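What follows is a single structure, written as structure tokens, with notes after it.
The values are calculated or read from the model by the stated rules, or taken from the named source; none is laboratory data. As the structure is a computational prediction, the values presented were derived from the model and not from experiment. For neighbour counting, all protein chains shown are included, and Cβ atoms are generated from backbone atoms with ideal geometry for every residue, glycine included. The protein model used for the area step is the full one, side chains on, heavy atoms only, and it has no ligands, DNA or RNA in it. Shrake-Rupley method; radii C 1.70, N 1.55, O 1.52, S 1.80 Å.
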Amino acid sequence: MKLLEERIRQEGLILSDTVLKVDSFLNHQVDTELALEIGREFGRKFAGEPITKVLTIEASGIQFAMATGIALGVPFVYAKKKKAVTLAEEVYSAPVHSFTRQETYQVSVSRKYIGPGDKVLIVDDFLATGAALVGLVQIVKEAGAELVGVGCVIEKTFQEGRGLLEQLGVRIHSLARIRAMSPGEIHFED
Ligand code: 5GP
């Protein structure tokens, strides 16, 4: 998505070889028109699939899942991050290890909002190590729902996330794919 790549070039701050800061327009302050366009783009990409729910993880996937839900005309659900374990009979949950924070937390979704018969599109802001998305994929499986695919706003292709998801047979569509970066320099995949 050219518009997104241009914006990353203009405003993205590359903090290290692995961390890109985009909080002026994507995940702290949010450019609402860009978020809606991202949702329309995922909607176009997965058009024709009988999606019933969009699933993301709090907090920074929410605006893109909402925009995608609007584009597809379906609800979105966001998984909650909790350290404490909620009653297993009420939620589906999966452990996620955060490499940036060096901690493991539980992500959970109420059993009321995803279930067998749902066709789920997962959406998130970044695909990096893939840990967060693998956790969501596990939740979809546990719920007995069908996973249609994963939409990521920014993928860092030099990290292992795509490989992990592909091993699980997941279809992935990313809107901006970064091959390499270092302070002052960014290279997108062709
Ligand atoms: P994972 O490593 O599980 O693929 O990514 C987990 C989460 O870390 C992403 O959903 C995203 O919120 C955050 N994250 C990963 N890499 C970056 C990055 O380069 N920049 C920012 N701002 N967040 C990131």
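In region 132-172, how many are small (Gly, Ala, Ser) and open to solvent by less than 10 Å² (accessible area, probe 1.4 Å)?
Within region 132-172, residues that are small (Gly, Ala, Ser) and open to solvent by less than 10 Å² (accessible area, probe 1.4 Å) number 5.
Restrict the check to region 51-60 and report whether at least one residue is modelled with pLDDT of 95 or more, part of a loop (DSSP other than H, G, I, E, B) and touching a Gly at 6+ places or on another chain (Cβ under 8 Å).
Scanning region 51-60 turns up at least one residue that is modelled with pLDDT of 95 or more, part of a loop (DSSP other than H, G, I, E, B) and touching a Gly at 6+ places or on another chain (Cβ under 8 Å).
Before we move on, is Glu37 in contact with a helix residue (DSSP H, G or I) (Cβ under 8 Å, 6 or more places away or on another chain), part of a helix (DSSP H, G or I) and under 26 Å from Thr157 (Cα atoms)?
yes
Let me confirm something: among Ser93, Ser108, which residue is at negative phi, open to solvent by 20 Å² or more (accessible area, probe 1.4 Å) and out of contact with any His (no Cβ under 8 Å at 6 or more places or on another chain)?
Checking each option against the conditions leaves just Ser93.
Name the single residue, out of those in region 18-71 being hydroxyl-bearing (Ser, Thr, Tyr) and more than 13 Å from the ligand (Cβ to nearest atom), that is least open to solvent (accessible area, probe 1.4 Å).
Thr68
Can you confirm whether Leu168 is within 16 Å of the ligand (Cβ to nearest atom), modelled with pLDDT of 95 or more and over 29 Å from Asp31 (Cβ atoms)?
Spelling it out, Leu168 is indeed within 16 Å of the ligand (Cβ to nearest atom), modelled with pLDDT of 95 or more and over 29 Å from Asp31 (Cβ atoms).
If I ask for residues that are in a loop (DSSP other than H, G, I, E, B) and within 30 Å of Glu146 (Cα to Cα), which ones from region 1-34 would you list?
If the condition is that a residue be in a loop (DSSP other than H, G, I, E, B) and within 30 Å of Glu146 (Cα to Cα), then Met1, Leu26, Asn27 are the ones that fit.
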